[in-house]
Amino acid sequence: MSPVPGLRGVGLLGGGVIGGGWAARFVLNGVDVQVFDPDPDAPRKLDEVLANARRACRRLTMAPLPPEGAVRFVGSAGEAADGVDLVQESAPERLDLKQALLSAAAEAAPASVVIASSTSGLLPSALQSGMSHPERLVVGHPFNPVYLLPLVEVVGGAQTTPAARERAADVYRSVGMRPLVLSTEIDGFVADRLLEALWREALWLVEGSVATVEEIDDAIRFGAGLRWSFMGTFLTYRIAGGEAGMRHFMAQFGPALQWPWSRLVDVPELTDELLDRIVTQSEAQAAGRTVRELEAQRDDALIAVLQGLRSVGVGAGEVLDDYERTLFERAGVGQQELLDGWPLRVVDRIVPTEWVDYNGHTNDSRYLELSSNGVDAFMRFVGIDAAYLASGGSYFTVESHLTFVEQCRAGDAVHVDLTLLDHDEKRMHVFTWIRRGLRGGDGGDGGDGGDGVLLGTAEHLLLHVDAGTGKAAAAAPAVLDALERVRAAHASISRPPAAGRHVGQPRSR
Ligand SMILES: NC(=O)c1ccc[n+]([C@@H]2O[C@H](COP(=O)([O-])OP(=O)(O)OC[C@H]3O[C@@H](n4cnc5c(N)ncnc54)[C@H](O)[C@@H]3O)[C@@H](O)[C@H]2O)c1
């Protein structure tokens, strides 16, 4: 069953760069997809996008990603649209082709199913002409890579209902995206019009030999580009106006708009000479790096930016924060059945680069972080969810002990298994094993085959506290029942030798 409420499955028309990105976005959120793409090579290409996305998403978040949804290739647009809750078209940018695909999907999907197009600029009014129930057609314009960038522009046509736009926006939100619902359709929508303006100007600068492609990219990435990830142009300029604000800024810099700086309407003629210059300079800039290498660098940098923004709670960092909270809530509900089995896997993740010390090894504090995240996950499994916390009850850690067995490095897949050593009404005594490898032992990150080597252990004592009185208090009966279930399921596990160790005690293993 899909962990995303109201989204049993998604039909994808086209499985290229963008269709593959959508597949990854949905599948990694546990949603099944049905893909129609006539290219016989499409499954291989989509697998490659999915592998990149898996790697990226496991680095992006500590939050528990659900078991992956399934990818099924089908033979027609109608089959792709059958039995799903959303159809997302990402075929080549040709109006007639898209109209035919969207109409075929509309014949197969009930009128309640929203049909979205990823088009970068075709108007939804044109796309919906001729299809049945055109009121459910929207443009859902994403950005590459779809599995990392949260923005999706949602645009309706003349016949689209507000309800369809809202439904599409809800679906995108439910898989961690940030829909920007536009009130008006316009060629290129909003984001691509802005990018197009910059692109035209950049081409003029190359054409006039004012700057090379690398110099133009540097002019963005060392300055405005950094700012744009958390503050758009307007807020940035407001600050530039100083205490006097926007009116002062406009008065100061407004007249400059009359100067013949940019040539936004004209485009330089794409002569062979200009194309050769751009291609040659672009080759030099890439310096032999393949597209796959550049994609990996792009994804790693995006993850660093997103995580950085999350730590200050702005822009896309806020979206990531909300998304992670949702993942934790979904995991708490969906993984209750894990309590009756062993091993109780509470964390699966890839060690991020920023965890690594000057010596190339993961800093010891991260072992505690991993184990403590495992305990947090365990608490959600036993019913300490947002509602429970709001009611005033919570467990606080009062003592921890770590052992370090093996080093781990950036990029290693690691997991944490947990057992309950002891508990009573107020106390919970847990033990965790931090091991190499991911859930199912697939490694998942290009080579780490999930060897299960023990990296470290941790032991924690937690006390249940009533936030109202600030004193230790009994946990709720449902939580105590869940703890009993775990004790029963782990009854045959012998007590780990490291349990109860004090610092400096000789190792018994
Ligand atoms: N590339 C981007 O950065 C980007 C960003 C946002 C939106 N878009 C839009 O997404 C759409 C797809 O672009 P892309 O970059 O993924 O292109 P792409 O060429 O990588 O993928 C298109 C896919 O559609 C398949 N296809 C061809 N005919 C088809 C048919 N009749 N039915 C189903 N599939 C068919 C192709 O085999 C290919 O796999 C376009 O509308 C584009 O404007 C692209």
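Under 17 Å from GLY452 (Cβ atoms) and open to solvent by 30 Å² or more (accessible area, probe 1.4 Å) - does that describe any residue in the stretch 367-383?
no
Output the residues belonging to the stretch 98-119 that are within 12 Å of the ligand (Cβ to nearest atom) and either at pLDDT below 95 or among the charged types (D, E, K, R) (or both).
Residue satisfying the conditions is LYS98 alone.
Can you pull out every residue in the stretch 193-207 that is open to solvent by 60 Å² or more (accessible area, probe 1.4 Å) and basic (Lys, Arg)?
Listed by number, the list holds a single entry, ARG193.
In the list GLY20, GLY30, which residue meets the criterion of being within 11 Å of the ligand (Cβ to nearest atom) and within 30 Å of THR353 (Cα to Cα)?
Of the residues listed, the single one that is within 11 Å of the ligand (Cβ to nearest atom) and within 30 Å of THR353 (Cα to Cα) is GLY20.
Scan the stretch 202-229 residue by residue and report those that are touching a residue at least 40 places away in the same chain (Cβ under 8 Å) and under 30 Å from GLY157 (Cα atoms).
The one that is touching a residue at least 40 places away in the same chain (Cβ under 8 Å) and under 30 Å from GLY157 (Cα atoms): SER229.
What pairs can you find where one residue is in the stretch 3-19 and assigned by TED's automatic domain parsing to the domain that holds VAL146 and of a type outside the set (S, T, N, Q), the other is near the ligand (Cβ under 6 Å from one of its atoms) and part of a strand (DSSP E or B), and their Cβ atoms are less than 6 Å apart, with a gap of 6+ or different chains?
What qualifies is LEU13/PHE36.
Looking at the stretch 35-58, I want the residues that are closer than 18 Å to GLN307 by Cα and open to solvent by 40 Å² or more (accessible area, probe 1.4 Å) and have a partner that is of a type in the set (Val, Ile, Thr) and outside any helix (DSSP H, G or I) with Cβ atoms under 6 Å, at least 6 apart or on another chain. Which pairs are those?
Hits for this filter: ARG58/ILE350.
Would the stretch 258-277 turn up any residue that is assigned to a helix (DSSP H, G or I) and among the small types (Gly, Ala, Ser)?
no
Take the stretch 132-147 and flag every residue that is more than 15 Å from the ligand (Cβ to nearest atom), of a type outside the set (S, T, N, Q) and either assigned to a loop (DSSP other than H, G, I, E, B) or touching a Ser or Thr at 6+ places or on another chain (Cβ under 7 Å) (or both).
HIS133, GLU135
Please go through the stretch 120-131 and give me each residue that is in contact (Cβ under 8 Å) with a residue 60 or more places away in the chain, within 13 Å of the ligand (Cβ to nearest atom) and farther than 28 Å from GLU48 by Cα, ordered by number.
Hits for the stretch 120-131 are LEU123, PRO124.
Determine which single condition VAL405 fails, assuming it passes every other condition in (1) within 26 Å of the chain's Cα centre (by Cα); (2) at pLDDT 90 or above.
(1)
Mind listing whichever residues of the stretch 201-223 are in a helix (DSSP H, G or I) and closer than 17 Å to ALA287 by Cβ?
VAL213, GLU214, GLU215, ILE216, ASP217, ASP218, ARG221
Looking at the stretch 1-17 only, could you name the residues that are farther than 15 Å from LEU149 by Cα and within 16 Å of the ligand (Cβ to nearest atom)?
VAL10, GLY11, LEU12, LEU13, GLY14, GLY15, GLY16
Test of understanding: among PRO134, PRO124, PRO110, which residue is open to solvent by 40 Å² or more (accessible area, probe 1.4 Å) and farther than 17 Å from ARG178 by Cα?
None of the other options fit; the residue is PRO110.
The values are calculated or read from the model by the stated rules, or taken from the named source; none is laboratory data. Predicted model only: the values in this text are computed from it and were never measured. Here Cβ is always computed from backbone atoms with ideal geometry, including for glycine, and neighbour counts include all displayed protein chains. Just the protein is used for accessible areas: all its heavy atoms, side chains included, with ligands, DNA and RNA removed. Shrake-Rupley method; radii C 1.70, N 1.55, O 1.52, S 1.80 Å.
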